[in-house]
1. Taking the alpha-carbon centroid of each part, what is the distance from the range 56-79 to the range 117-137 in angstrom?
2. Consider a paramagnetic label point 7 Å from the Cα of THR46 along Cα→Cβ; state which residues of the range 1-23 have an amide N under 13 Å from it.
3. For the range 30-45, list residues with backbone N below 16 Å from a point placed 7 Å from the Cα of GLU129 toward its Cβ?
4. Could you pull the Cα extents of the chain along its three principal axes, largest to smallest, in whole Å?
5. Which of the aspartates and glutamates could be linked to LYS121 by a straight reach, that is with a Cα gap under 12 Å, when you skip same-chain ones fewer than 8 residues away?
6. Suppose we keep just the DSSP beta bridges with both residues in the range 1-97; what percent of those would be antiparallel, to 5?
7. Sort HIS43, HIS79, HIS52 so that the residue with the fewest other Cβ atoms within 10 Å of its own Cβ comes first and the one with the most comes last.
8. Are any of the pairs LYS111/LYS133; LYS24/LYS89; LYS2/LYS24 more than 24 Å apart by Cα-Cα distance, and if so, which?
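Quick note: the coordinates plus some simple rules give every number you see, no bench work behind them. It should be emphasised that the depicted structure is a prediction, and the values quoted were computed from it without experimental measurement. Counting neighbours? That spans all protein chains shown, and the Cβs are built from the backbone with ideal geometry, glycine included.
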Amino acid sequence: MKLLVINGPNLNMLGIREPDIYGKQDFHALEEYIRSSAAELGHSVTLFQSNHEGEIVDVIQSAYGVYEGIVINPAAYTHTSVAILDALKAVGIPTVEVHLSDISTREEFRKHSFVSMVAKKTVCGLGFEGYKKALEYFS
Ligand code: DQA
């Protein structure tokens with residue numbers, strides 16, 4: 001399937017940011033992991049990362065009619081962004097939500113996800129492997 005993988009703010013800082021929570025591998029390693037997992041599963045993937053909410057909304061809108069599925073780690077916007085939720089609802093593309101950490105066992109403010117309201121599935125706390133599980137949903 002033709003899939004779009006979106007990573008939100010600060011994920012480009014992987015390897016540097018809070019390695020005890022997010023691991024020591026950098027963002028380039030995550031992108032390589034996603035590409036090789038997608039190839040293994042026979043999916044074609046486009047990778048997109050942004051620190052800006054509006055850019056994420058734009059890329060979701062432009063996915064309409066182009067991609068058959070979206071895998072998204074909205075990062076901090078998970079907990080705040082009605083705009084990303086609305087964009088996902090607008091395009092109606094099946095979406096799987098991923099988090100490297102287990103947001104259900106961290107601070108209270110991380111327990112609520114707007115994106116979960118539209119996601120077909122949410123994968124949390126599996127590190128890089130969570131992205132593979134998300135891609136498997138589309139297999
Ligand atoms: C995250 C969890 C979010 O709460 C946090 O803001 C992130 C990363 C994760 O992958 O575990 O930036 O989405």
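1. 14
2. Under 13 Å, as judged by backbone N against the label point of THR46, lie 2-6 of the range 1-23.
3. 33-34, 37
4. 39, 33, 23
5. GLU97, GLU136
6. 0
7. With the sparsest Cβ surroundings first, the list reads HIS52, HIS79, HIS43.
8. LYS24/LYS89; LYS2/LYS24
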